[in-house]
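Asker: Shown below is the structure under consideration.
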Amino acid sequence: MVLTDVGAGLTWNLVDDVRQLFQFGFMVNALEAGTVVAVMAAVIGWFMVVRRQSFAGHTIAVVGFPGAAGATLVGVSALYGYFAFCVAAAVLISAVPHSRGKAFSQENAVTGTVQTFLLALGFLFVSLYRGNLNGINSLLFGNFLGITRGQVLTLLLVALGALGVLGVISRPLLFASIDPDVAAARGVPVRGMSLLFLVLLGLAAAEASQITGALLVFALLVMPAATAQRLTPRPLLGGAIAVALGLAVTWIGLAVAYFSPYPIGFWVTTLAFGAYVAAALFTRSTTGTGRAVGVRA
Amino acid sequence: MSALPGFALVATSSGVGGLLGQPFLRNAFLAGTAIAAACGLVGYFLVLRSQVFTGDALSHVAFAGALAALSFGVDPRLGLFVATIAVGILMGTLGPRGQADDVVVGSVFAWILGLGVLFLTIFTTSKSSADAKAGVSVLFGSLFGLSHDQALVATAIALAVAVAVVVIARPLLFASLDPAVASARRVPVVSLGLGFLALVGACAAEATQAVGALLLLGLLAAPAGTAQQLTARPYRALAVSCAVAIGDMWAGLTMSYAFPHLPPSFCVIAVAAGAYLVVLAAKRVSRRLPAQA
C-alpha cells in the first residue's frame, strides 16, 4: 500500500519505528481513536461478560454494519450509522422478553434472525451503492485509515459520557448482574438497569466497530474482559487488567498493521485471543479451577 | 439497471414455467430447496438445544475455511466442510456435556474470523483483482452463480444431512429435552451432541454456498422459531420448520428474480425474517385477545 512508499519501513531501531508511527496525522488519529475505544470497550465488556451477554453484544455490533453501509449510501459519515443502529438494536433486544431456564429459547432465535436480517440489509445497501467492493471489507473487518479529528472527538465525548453513566450505576448494576432475584427484592430496578446497560453496550460496540469493523468487535469487547476474569474475580482489579490488555492489543495491533500488509482485524483478534489462551492455560496450571465471577452453578 | 425488464419477463413468461426456464434459476431452485430443507431440520434442533450461538460461530468458521482453501488454491468447498465439521466437533468437546460456553465460543470464533480476513488479504493480493469478489460471495452467497454440477453436489449433500437428522431425530429429541433422564435410559447423550454438531457443521458449509457465511444463521434460526410458534408438538414442528425453510427459499428466489437489483440471499433472509415476524405478531395478538374479553 501507500504506507510502504512513504514511510521508511520497519527497522531494527525500536525508537525509530515508534517515532515513525507518530509521523503521519492519520496514524496519530488512529492511535488516539484506538485508545479511547480500547478503554471504553474493556470496561463495558467486563460487565457484559459478567452478565453473560456476549451474544447480545455481538449482535449489536453486527447491526452496526447496515447502519454504516446505510450511512455511506445516504452520504453521511459511517460513524453516525454505527451509533444509530447499535443503540436502536440494544433497545430492541431489551424489548424481547427474557425466558431464563426454558428448554426452547425463543430469545436466541429472535436475536439470530434479527442479526441476520440486518446483515442482509447491509449487503443490500452495499450492492445498491455499487461502490468499491473493498468498502464492504473495511466495514466488516475494520480499517484504521481515514479517521478524522472530528471523529476522534466524537468517539472521546461518547466514551466519556458512557463511562460516566456506568460509573454512577456500577454498584447496583453489578448487584443486578450477579444475583438479579435478590437485587430485585432489594429494590434495584433490574429491568431498567438491563435496558440502560444494553444502550451503553450499544455505544461501546459502535465505537469498537470503528477500529475492528462490525464483525470483529469481540476482540476489544469480549476478549480482554474474559481474560481479566480468568485472572481475577475482583471487579476493580479485573477492570484495570481488561483496560490494560485492551490498550496493549490495540496499540500493538495498530503498530503491526502499519508495518505489515495484513489487516488490523487479523492482528487485533490474534493478539487478544493469544492473551486469552495464555491466561486460560496459566490459571488452569496454577489453580485447576480458575473460573471467575460470571460462572454460577 | 432498472427493475422493469426482469419484472416484465416474469409477467410475460407465464409464472413458474418461465421462472424455471432459466438454467441458473433451475440450479438455484434445486440446490436451494435441498439446502433449505437441511437447514430447517438442523435449525429446529439448534434452537431447541439453545445452540444458536454455536451455529453463528460455525457460520463464520465457514468463511475462514473457504478463504483458506482459496488462498492455498484448493476447491473452497473442501475448506468449507473440513473447517466447519472439525470446529463443530471441537466446540462440542470444549464445552461441558457437548454444549459449548458463550465466551469460549465467541473468542474462538472471533479469532477464526480474523484468520479469515488474513486469508482474504492473502488471496486478493496474490491473485488478480477480478478475484476481489470472492470474499463477498463467500460472505453473502452466490445462489445464482451455481453451476449445474455444483448444484447437484450441494443437493446430494444437503439431502444426506436432512436424512441423517431425521434418522437421529427421536433419540436427539429425548437427549435435548431431558438429558439427565435420557442418559439414565442409556441414550448416548454426549455422542449424540457431538454428532449433531458435526451435522450442523455440514449444514453450515452447505448453506454458505447458498446464502453465504454471514446469512446462514437466518436460514437456521428463523424457520425453526416460526415452527415453534405454530405448534408445540416436536415432530410436527420439525416438519413445519423444514417446510417453512423451503417456502422462504422459493419465495426469496422468486422475489430476487422479479426485482433484479435485490441480491438473492437478501431476499431469502428478508422473507424468512418477515414470516417469523408475522407469526410472532399474530401469536401475540391471539394470546392477548381472549384475556381482554
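The values are calculated or read from the model by the stated rules, or taken from the named source; none is laboratory data. Everything quoted here is computed from the prediction, not taken from an experiment. Please note: Cβ atoms are built from the backbone with ideal geometry, for glycine as well, and neighbour counts cover all protein chains shown.
Asker: Just checking, which of A:Ala240, A:Ala255 is within 23 Å of A:Arg19 (Cβ to Cβ), in a helix (DSSP H, G or I) and away from chain B (no Cβ under 14 Å)? First the steps, then the outcome.
Answerer: Working: A:Ala240 fails: within 23 Å of A:Arg19 (Cβ to Cβ).
It is A:Ala255.
Asker: Ok, one more. Scan the stretch B:156-183 for residues that are surrounded by fewer than 20 Cβ atoms within 10 Å (Cβ to Cβ) and among the polar types (S, T, N, Q) and jot them down.
Answerer: Correct list: B:Ser183 only.
Asker: Could you say whether any residue in the stretch A:98-120 is surrounded by fewer than 23 Cβ atoms within 10 Å (Cβ to Cβ), over 21 Å from B:Ala270 (Cβ atoms) and at pLDDT 90 or above?
Answerer: Checked the stretch A:98-120: no residue is surrounded by fewer than 23 Cβ atoms within 10 Å (Cβ to Cβ), over 21 Å from B:Ala270 (Cβ atoms) and at pLDDT 90 or above.
Asker: Now, a different point. Applying the selection to the stretch B:85-108, what residues are more than 20 Å from the chain's Cα centre (by Cα), at pLDDT below 75 and in a helix (DSSP H, G or I)?
Answerer: Within the stretch B:85-108, B:Leu94, B:Pro96, B:Arg97, B:Gly98, B:Asp102 meet the criteria.
Asker: Looking only at the stretch A:189-209, which residues are farther than 20 Å from A:Gly164 by Cβ and touching a Leu at 6+ places or on another chain (Cβ under 9 Å)?
Answerer: A:Ser209
Asker: Same structure again: Mind checking whether some residue in the stretch A:196-207 is part of a helix (DSSP H, G or I), among the hydrophobic types (A, V, I, L, M, F, W, C) and over 29 Å from A:Gly70 (Cα atoms)?
Answerer: Step one: list which residues in the stretch A:196-207 are part of a helix (DSSP H, G or I), which gives A:196-207.
Filter once more, so that each one left must be among the hydrophobic types (A, V, I, L, M, F, W, C): A:196-201, A:203-206.
With the extra rule that they be over 29 Å from A:Gly70 (Cα atoms), the set shrinks to none.
No; the residues of the stretch A:196-207 include none that is part of a helix (DSSP H, G or I), among the hydrophobic types (A, V, I, L, M, F, W, C) and over 29 Å from A:Gly70 (Cα atoms).
Asker: Among the residues of the stretch B:191-218, write down those that are more than 10 Å from B:Thr84 (Cα to Cα), in a helix (DSSP H, G or I) and within 14 Å of chain A (Cβ to nearest Cβ).
Answerer: Hits for the stretch B:191-218 are B:Ala207, B:Thr208, B:Ala210, B:Val211, B:Leu216, B:Leu217, B:Gly218.
Residue-by-condition table, conditions (1) of a type in the set (A, V, I, L, M, F, W, C); (2) modelled with pLDDT under 85; (3) within 22 Å of A:Leu139 (Cβ to Cβ); (4) within 21 Å of the chain's Cα centre (by Cα):
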| site | (1), (2), (3), (4) |
| --- | --- |
| A:Leu254 | yes, no, yes, yes |
| A:Ala278 | yes, no, no, yes |
| A:Leu281 | yes, no, no, no |
| A:Ser285 | no, yes, no, no |
| A:Thr289 | no, yes, no, no |
| A:Arg296 | no, yes, no, no |
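Asker: A further question follows. Could you tell me whether the stretch B:239-261 includes any residue that is facing chain A (nearest Cβ under 8 Å), crowded, with 21+ Cβ neighbours inside 10 Å, within 30 Å of B:Leu20 (Cβ to Cβ) and of a type outside the set (D, E, K, R)?
Answerer: No, the stretch B:239-261 contains no residue that is facing chain A (nearest Cβ under 8 Å), crowded, with 21+ Cβ neighbours inside 10 Å, within 30 Å of B:Leu20 (Cβ to Cβ) and of a type outside the set (D, E, K, R).
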